[in-house]
Amino acid sequence: MAMLNIEKITSVLRGIEQQVERGNYFPIIGPVKGELLYLVTLLIRPKHVLELGTGLGYSGLQIARALRYGARITTVEEDEAIAEIAIQNFRKAGVERIINVIMEEAGEFIERDQSLYDMIFMDVEKHRYLQLLEGCIAKLRIGGVLVADNVLRSELRSFRQAILKHPKLVSSIIHLEDGVSVSVKKD
Ligand SMILES: C[S@@+](CC[C@H](N)C(=O)[O-])C[C@H]1O[C@@H](n2cnc3c(N)ncnc32)[C@H](O)[C@@H]1O
């Protein structure tokens, strides 16, 4: 497997940011929280990452640029047209061999998938977070990390409470923009 071309990845990231700034609105984690996602991925050194909510592929690329040789991402997107755009962006960035896009509803994927992950990034419809939480915890190895976007939003109050008091998690909420949570699965 060839090394990743970080310049190519960065150029596709800037392209998506410009598209979104120009008014082609689509929710992306954005450069500030994206840098945090990159940093967290660097710290975890995951071998296998699960992303729920691919979107245009922006957050997947932020994760990909931190991955070490041999690591990979499985990303799940229920909207086929959006998933096709992400696949094109992954090709442009030269990461298509390490990112597997699954076109499926996240909950259905979690139910049938048998893998364990070192890191899960959750960024789907907000009302699904709490419903998906137990499934995500079950799919994390001990010491694995769940990162969730937008957690300071009012509709994610119950999710915040759930991750902060969950017996299997140690969680912290980072007050950056509309919030990112980082939870480690314990024994
Ligand atoms: C906020 S966007 C993802 C943005 C992306 N993570 C990023 O930062 O570049 C949410 C995406 O999740 C998808 N989505 C929402 N609910 C979903 C679900 N239950 N299962 C799978 N995909 C879902 C939407 O179609 C949308 O593309």
Percent of Cα-Cα pairs per 10 Å bin, from 0 to the last occupied bin, for the chain, please list those. 10, 40, 39, 11, 0
Order by neighbour count: Leu140, Leu176, Leu146, fewest other Cβ atoms within 10 Å first, most last. Leu176, Leu140, Leu146
Sequence of Met103, Met122 once ranked by neighbouring C-beta atoms within 10 Å, starting from the fewest: Met103, Met122
Sort out for me the Cα centre separation of region 14-36 from region 60-130, rounded to whole Å. 17
FRET efficiency for Ile174 and Arg128 from the Cβ-Cβ distance with R0 = 22 Å, rounded to 0.05, comes out at 0.55
From fewest to most C-beta neighbours within 10 Å, the residues Asp187, Asp123 line up as Asp187, Asp123
Would you please give the FRET efficiency between Arg22 and Gln114, computed as 1/(1 + (r/R0)^6) with r the Cβ-Cβ distance and R0 = 35 Å, to the nearest 0.05? 0.25
Checking region 80-117 for trypsin sites (Lys or Arg not before Pro) in a loop per DSSP with at most 16 other beta-carbon atoms within 10 Å yields Arg97
Do you know the relative contact order of region 6-185, to the nearest whole percent, from alpha carbon pairs under 8 angstrom that are 6+ apart? 18
For n ≥ 4 DSSP H runs only, could you compute -39500 (n - 2.57) per run for the chain, divide by its residues and tell me the 222 nm figure to the nearest 500? -13000 deg cm²/dmol
What is the magnitude of the charge dipole of the chain about its Cα centre, with +1 placed on the Cβ of each Lys and Arg, -1 on the Cβ of each Asp and Glu, and no other charges, expressed in debye to the nearest 20? 820
Note the angle between two axes, namely the Cα long axis of helix 30-44 and the longest principal axis of the Cα atoms of the chain, as a number of degrees from 0 to 90, rounded to the nearest 10. 70
Out of the DSSP beta bridges found with both residues in region 6-185, what percent are antiparallel (nearest 5)? 35
Among Tyr69, Ala138, Gln88, which residue has its Cα furthest toward the positive end of the charge dipole of region 6-185, with +1 on Lys/Arg Cβ and -1 on Asp/Glu Cβ? Tyr69
Under 5 Å, built H, 5+ apart or other chain: amide partners of Val49: Arg72, Ile73, Thr74
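Bear in mind these aren't lab numbers, they're just calculated from the coordinates by the rules spelled out. Note that the structure is predicted; figures quoted are calculated from it, not measured. All Cβ positions, even for glycine, are placed from backbone atoms using ideal geometry, and neighbour counts span all protein chains on display.
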